[in-house]
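Enquirer: Handing you a structure now.
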Amino acid sequence: QVQLVESGGGLVQAGGSLRLSCAASGMIFGTAVMGWYRQAPGKQRELVADISRDGSTNYADSVKGRFTISRDNAKNTVYLQMNSLKAGNTGVYYCNVQRRYSSTTYWGQGTQVTVSS
């Protein structure tokens with residue numbers, strides 16, 4: 001079975017930073033695209049950033065220049081470095097991992113990020 005373990009969420013002041021981590025374990029057999037999604041209260045879950053195995057990235061326009069996504073293929077782990085945080089970045093952040101050589105996708109449990117003003 002596959003498990004995604006998320007960490008790094010918390011409460012920070014506006015302008016602060018957090019680093020989220022998500023490690024896939026179990027019968028994952030390698031990963032393809034890995035990404036982070038945010039769900040704000042009463043809103044749809046939306047892409048924040050994702051990264052392919054070769055390192056190509058996509059970012060939501062609202063986080064470009066402030067957030068950086070990275071991955072460690074050997075550890076099947078994806079990271080999200082969040083700098084210059086704003087109140088609008090508050091939400092539950094979910095890790096999403098696509099298993100390599102298949103269309104199977106897994107979701108983490110979510111980690112709360114709260115940015116206070």
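Enquirer: I need the Kirkwood Rh of segment 72-117: take the reciprocal of the average 1/r across all distinct C-alpha pairs and report it in angstrom.
Expert: Working: mean 1/r = 0.0791 Å⁻¹.
Result for segment 72-117, one decimal place: 12.6 Å.
Enquirer: I've got another one for you. At 20 °C and 1.002 mPa s, what whole-number value in µm²/s does Stokes-Einstein give for the translational diffusion of segment 1-51, with Rh from the Kirkwood sum over Cα pairs?
Expert: Numbers: Rh = 13.1 Å.
Calculated translational D: 163 µm²/s.
Enquirer: What FRET efficiency comes out for the pair ARG66/GLN44, r = Cβ-Cβ distance, R0 = 22 Å, nearest 0.05? Show your work: numbers first, answer last.
Expert: Values: r = 21 Å, r/R0 = 0.97.
Once the sixth-power term is evaluated, E becomes 0.55.
Enquirer: Straight-line reach from LYS86: which lysines fall under 21 Å, measuring Cα to Cα and dropping same-chain residues less than 8 apart?
Expert: LYS43, LYS64
Enquirer: Continuing with this model, one more query. Using only Cα positions of segment 17-96, each an equal point scatterer, no hydration layer, compute I(q)/I(0) via Debye at q = 0.11, 0.12, 0.20, 0.24 Å⁻¹ and quote the log10 values to two decimals.
Expert: With one equal scatterer per Cα and no solvent, log10 I(q)/I(0) is -0.27, -0.32, -0.86, -1.17.
Enquirer: Taking the alpha-carbon centroid of each part, what is the distance from segment 73-100 to segment 1-22 in angstrom?
Expert: What the calculation gives is 7 Å, centre to centre.
Enquirer: Could you sort the peptides 86-92, 35-41 by per-residue average Cβ neighbour count (10 Å cutoff), highest mean leading? Please report the intermediate quantities before stating the final value.
Expert: Working: 86-92: 16.4, 35-41: 18.4.
Per-residue Cβ counts within 10 Å, averaged per peptide and sorted highest first, yield 35-41, 86-92.
Enquirer: About its Cα centre, what dipole magnitude does the chain give when the only charges are +1 on Lys and Arg Cβ and -1 on Asp and Glu Cβ, stated in debye to the nearest 20? Walk me through the intermediate numbers first.
Expert: Numbers: 12 positive and 6 negative charges, 6 e Å.
The dipole magnitude comes to about 20 debye.
Enquirer: Sorted by packing (mean other beta-carbon atoms within 10 Å per residue), highest first, where do 53-66, 14-27 land?
Expert: Details: 53-66: 12.6, 14-27: 16.1.
Listed from highest to lowest mean packing, they are 14-27, 53-66.
Only the coordinates and a few stated rules stand behind these numbers; no lab work does. Bear in mind that the values here come from a model prediction, so they are computed numbers and not experimental data. So basically every Cβ, Gly included, is an ideal-geometry build from the backbone, and we count neighbours across all protein chains shown.
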